[in-house]
Amino acid sequence: MKRYGRPVALLLGGIAIAFLTPACGRDTPATRRTNPERLRPTPATAIETRPAGRPVPEGDEAALAEARSFLAAPARSETCGPYRLVSDADDRLVSTLRAICAGPVATFDSIYAERLSVTPAHPPRGTLVLFADPGRFRAYVAARADLPQGYAGFSLATRGLVVLPAAGVTADELARTLTHELAHLAHRRTFGADLDRWLAEGLADAVSDTAHAGGQAPLTGFAGVEGLRVRLLGGYATGRARPLHELAALPEGEFDRGRVSHDYEQSALLVRFLLLDPELGPLLRGWLAARALQGGGIDSRFPPDRRPDWDEIDRRFRRWLGAPEPGAASHR
Ligand SMILES: [Zn+2]
């Protein structure tokens, strides 16, 4: 899910899968950094692995019919890359949508696989419901008690639906929101069970904050997230940004629930930092690749074996961001 201006996630019907963590050989920091063996199950156990990903349905008919009932008539149906597209958009908006479908939507799976070093186990599928009138979108969301209000879009991965308003935003912002929601469907196709919230959101932003109506920009530095960085630096300056160990351990229901929250900015920037870091990048990608396998005996939470631990990652992350070191005075 994406909050106006900032992404947000809701995962309905996630299934928790317990992983057994096999004893890994203790190794030196140097080998730990580059040695993928640490992420593989010990040969003696001969654990059989299979893709953890789950298929995304074409689009739950009942849920789709409900969403359709809030669209202005006549609603039009067409395709958007590999997805079905249902909308009440006029011709001008449809041509904007078609450009986005031919751009970041069409290249989505290759960008996802390339940036995260994982390949979804199931093909891209689902229905995109785009509202030309944001008021109709809000009316639809308000009619559903289980959907939080005030978001720029949402996805129901287990039902194969992505729903968002298409008007009132720039074409580039629409491309980012749509790509962000497609990432939640791709998380299901790749990892099956829900990822920790910070990771699900951060990964979705790693493939969507660089999207624009014509395609994708490379993932570099703070390109595309300058505003988030300023907001998060404000959060550190006021002492409102969480320590990373707290963000990583945050239960689903507590994510982004504070009156003033930096959970999304922190998740987006943390995952970007991890992916771009020469040491932590390979560690995260290796862990994601193993996490995309079921029965692999991989540590179900990042970082595996807590090495480095969150306090160490927190120090490096703040240095990268330009935030004060932990414990440095903050003015609340
Ligand atoms: Zn999200």
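The values are calculated or read from the model by the stated rules, or taken from the named source; none is laboratory data. Bear in mind the structure is a predicted one, so any value in this text is a computation, not a measurement. As a convention, Cβ positions derive from the backbone with ideal geometry for all residues, glycine included, and neighbour counts pool all protein chains shown. Areas reflect the complete protein model, heavy atoms only, side chains present, ligands, DNA and RNA absent. Shrake-Rupley method; radii C 1.70, N 1.55, O 1.52, S 1.80 Å.
Of all residues in region 291-307, count the ones that are assigned to a strand (DSSP E or B) and modelled with pLDDT of 75 or more.
We begin by selecting, within region 291-307, every residue assigned to a strand (DSSP E or B); these are 293-294.
Next, from what is left, pick out any that are modelled with pLDDT of 75 or more: 293.
Count: 1.
Could you list, in sequence order, the residues of region 163-214 that are over 20 Å from Arg92 (Cβ atoms) and either assigned to a strand (DSSP E or B) or of a type in the set (S, T, N, Q) (or both)?
Val163, Thr179, Thr190, Ser208, Thr210, Ala211, listed by residue number.
A quick yes/no check of all residues on (1) touching a Ser or Thr at 6+ places or on another chain (Cβ under 6 Å); (2) of a type outside the set (Val, Ile, Thr); (3) within 15 Å of the ligand (Cβ to nearest atom); (4) open to solvent by 10 Å² or more (accessible area, probe 1.4 Å):
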{"site": "Pro134", "(1), (2), (3), (4)": "no, yes, no, yes"}
{"site": "Phe137", "(1), (2), (3), (4)": "no, yes, no, no"}
{"site": "Tyr151", "(1), (2), (3), (4)": "no, yes, yes, yes"}
{"site": "Glu181", "(1), (2), (3), (4)": "yes, yes, yes, no"}
{"site": "Ala186", "(1), (2), (3), (4)": "no, yes, yes, no"}
{"site": "Arg197", "(1), (2), (3), (4)": "no, yes, yes, yes"}
{"site": "Ala204", "(1), (2), (3), (4)": "no, yes, yes, no"}
{"site": "Gly214", "(1), (2), (3), (4)": "no, yes, no, yes"}
{"site": "Gly221", "(1), (2), (3), (4)": "no, yes, no, yes"}
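Could you list all residues from region 241-260 that are out of contact with any Asp or Glu (no Cβ under 8 Å at 6 or more places or on another chain) and either closer than 20 Å to Leu195 by Cα or open to solvent by 50 Å² or more (accessible area, probe 1.4 Å) (or both)?
Within region 241-260, Glu246, Ala249, Pro251, Gly253, Glu254, Arg257, Arg259, Val260 qualify.
Those residues that are surrounded by 24 or more Cβ atoms within 10 Å (Cβ to Cβ) and modelled with pLDDT of 95 or more, I need them from region 166-175; list them, please.
Leu174, Ala175
Report, ordered by the first and then the second residue, all pairs with beta carbons closer than 7 Å, sequence separation of six or more or different chains, a first member in region 244-262 that is at pLDDT 95 or above, and a second member that is of a type in the set (Asp, Glu) and assigned to a loop (DSSP other than H, G, I, E, B).
Sorted first by the residue in region 244-262, then by its partner, the pairs are Ala248/Asp196.
Only one of (1) out of contact with any Asp or Glu (no Cβ under 9 Å at 6 or more places or on another chain); (2) within 19 Å of Arg319 (Cβ to Cβ); (3) of a type in the set (S, T, N, Q) is not met by Thr238, so which one is it?
Thr238 satisfies every listed condition except (2).
Can you tell me which residue within region 116-147, out of those that are of a type in the set (A, V, I, L, M) and part of a helix (DSSP H, G or I), is farthest from Val162 (Cα to Cα)?
Residue satisfying both the conditions and the ranking: Leu116.
Hey, can you tell me all the residues within region 157-173 that are within 15 Å of the ligand (Cβ to nearest atom) and either farther than 14 Å from Pro124 by Cα or in contact with a Ser or Thr (Cβ under 7 Å, 6 or more places away or on another chain) (or both)?
Those that are within 15 Å of the ligand (Cβ to nearest atom) and either farther than 14 Å from Pro124 by Cα or in contact with a Ser or Thr (Cβ under 7 Å, 6 or more places away or on another chain) (or both): Leu161, Val162, Val163, Leu164, Glu173.
Within region 90-110, which residues are crowded, with 21+ Cβ neighbours inside 10 Å and either of a type in the set (S, T, N, Q) or touching a helix residue (DSSP H, G or I) at 6+ places or on another chain (Cβ under 6 Å) (or both)?
Within region 90-110, Ile100, Pro104, Phe108 meet the criteria.
For region 135-150, state whether one or more residues are β-branched (Val, Ile, Thr) and touching a residue at least 24 places away in the same chain (Cβ under 8 Å).
No.
Does any residue of region 270-286 turn out to be without any contact (Cβ under 8 Å) to a residue 40 or more places away in the chain, over 18 Å from the mean Cα position of the chain (by Cα) and open to solvent by 10 Å² or more (accessible area, probe 1.4 Å)?
Yes - at least one qualifying residue is present in region 270-286.
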